[in-house]
1. Tell me the residue from Asp341, Asp367, Asp378 that is assigned by TED's automatic domain parsing to the domain that holds Gly201, among the charged types (D, E, K, R), surrounded by fewer than 24 Cβ atoms within 10 Å (Cβ to Cβ) and under 30 Å from Val284 (Cβ atoms), please.
2. What number of residues within region 269-300 satisfy the criterion of being without any contact (Cβ under 8 Å) to a residue 60 or more places away in the chain and assigned to a strand (DSSP E or B)?
3. Please find, among Val211, Val190, Val202, Val186, the residue that is in the same structural domain as Pro116 (by TED's automatic domain parsing), assigned to a loop (DSSP other than H, G, I, E, B), under 16 Å from Ser251 (Cβ atoms) and within 16 Å of the chain's Cα centre (by Cα).
4. For a quick check of your reading: which strands (runs of 3 or more DSSP E) sit entirely within region 319-418 and have at least 2 residues that are among the aromatic types (Phe, Trp, Tyr) and modelled with pLDDT under 95?
5. Right, Ala306: aliphatic (A, V, I, L, M) and not in a strand (DSSP E or B) or not?
6. When you look at Gln46, is it of a type in the set (S, T, N, Q) and at pLDDT 95 or above, yes or no?
7. Which of (1) touching a residue at least 60 places away in the same chain (Cβ under 8 Å); (2) buried (at least 24 other Cβ atoms within 10 Å of the Cβ) is the odd one out, the single condition Gly217 does not satisfy?
8. Only one of (1) in contact with a Phe, Trp or Tyr (Cβ under 7 Å, 6 or more places away or on another chain); (2) under 17 Å from Asn337 (Cβ atoms) fails for Thr384. Which number is that?
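The values are calculated or read from the model by the stated rules, or taken from the named source; none is laboratory data. Computed from a prediction, not measured in an experiment: that's the story for all the values here. When we count neighbours, we look across all protein chains shown, and the Cβ atoms used for this are built from the backbone with ideal geometry, even at glycine.
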Amino acid sequence: MTRKSLLTSALLAGALLVCLSILAPAAAIAQDDGFVLVAPHWGAKQTAAVEAAGGAVVYGHPTSGIGLATSTAPDFLDRVMASKAFKYGAPDVVVQWQPDVPTQQAITPEDETFYPFQWSLTALEAPAAWNAGCTGAGARVAILDGGIYDQHVDLDDNLDTACSVSFVPGFAFNQDTGTFWHGTHVAGIVAAEDNGVGVIGVAPEATLMGVKVLHSGSGSFGWVIGGILYASDPASFGLGSCAKADIINMSLGALFPKSATGGGQLVAALNKAVNFAASQGVLVVSAAANDGIDLGQAYDYVVVPAESGSGIAVSATGPTGFAYGATNFTRLASYTNYGEDVVWVAGPGGDFTLLFQNPPDPFWFYDMVLSTSRGPDDNGFYYTWAAGTSQATPAVSGVAALIKGANPDISLGALKTRLAQSAVDVGPIGHDQFYGHGFANAYNACTR
């Protein structure tokens, strides 16, 4: 595809928002009244202990024993731990899981198809998977993120609004700030509809569950943990009519200092939540994050949830010069974290290196990933280019949904193995620190 044909298509297609979606090292801010508490199980004893110490239970998950409580009592944590009802606990903290995303207007929109811009689908061999009968139908993917704009034309039929929830106090699952809406972009990469409009997702017939755990990019450990537990076990949160997710996508990441006050307990609670999800047969897929570091050498830090429990982490790739015909889609992205014991597979996250040429290449943003966004009004037809492990992760979740949809009874272990064995071995031969088991491949995943 030439620069001229891409530009012509863009002029027809309309006004797209161009974004950089980069996960940054986290600054943890203690919540004034939130506490994550962990017991062997959560029951009447734990609820009574919280109330006796001057607190209130936000949620208490029976099986995992993890709960979130609030209290303004200055000695609440000391008192509740003295009850012997809990193994450990810590003040909850709010983390900036990704910064506010800068946006800029580019061209002006219409309802044309943007499929020619979706190089990531070509990289994954997704069209071949669809032709082989894999569409994601029957698979459920929970998007743990910010708000999802449920009126978007490419999401409205695939989003299970009745089972979408928010763990952010004061906000519904379909609320957020700005015009980008990170969760909306992520949702479109997984399962934007095959409706002849806009973009198409990797698993265009999968069902999405919106689970809001961030607002304007920030969220607490307690909210994220609650989202994992809910997606794995809706009945324990009073939604017994909702089926659990098959896959949890967390396009969020924080480089968290191990020495942070209460950090060990919060990280342990997050590990336990991810492992609970696994016990329910739910695959947790997380972003490796975008610090450009070897996580195997980051001794004083842990990247969560990439290194949490038994979930899998995704590194990112992206081309340089797609507008000029480049097909180097598996090139390791300039920003991605890596680590042999962390990365399971790599996925297409996009890149933006041409932006930093002097002068910047005018078509630099075509190397990023195109997906759904909120936009400045309610017309439901906005799309955005963005780049990051945030974009690579839902691509892999989409491939997992294709596998699950085609094999409803597949076990969690077999699903993880299929993702690994079907990946294309790029980079160093064999399992490596950059690509893990390789670059995800939708067609192989569905046919091998």
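1. Matching residue, one of Asp341, Asp367, Asp378: Asp341.
2. So the count comes out to 1.
3. Val202
4. Correct list: 382-386.
5. Yes; evaluated as a whole, the condition is true for this residue.
6. yes
7. Going through (1) touching a residue at least 60 places away in the same chain (Cβ under 8 Å); (2) buried (at least 24 other Cβ atoms within 10 Å of the Cβ) one by one, Gly217 breaks only (2).
8. Among (1) in contact with a Phe, Trp or Tyr (Cβ under 7 Å, 6 or more places away or on another chain); (2) under 17 Å from Asn337 (Cβ atoms), Thr384 violates only (2).
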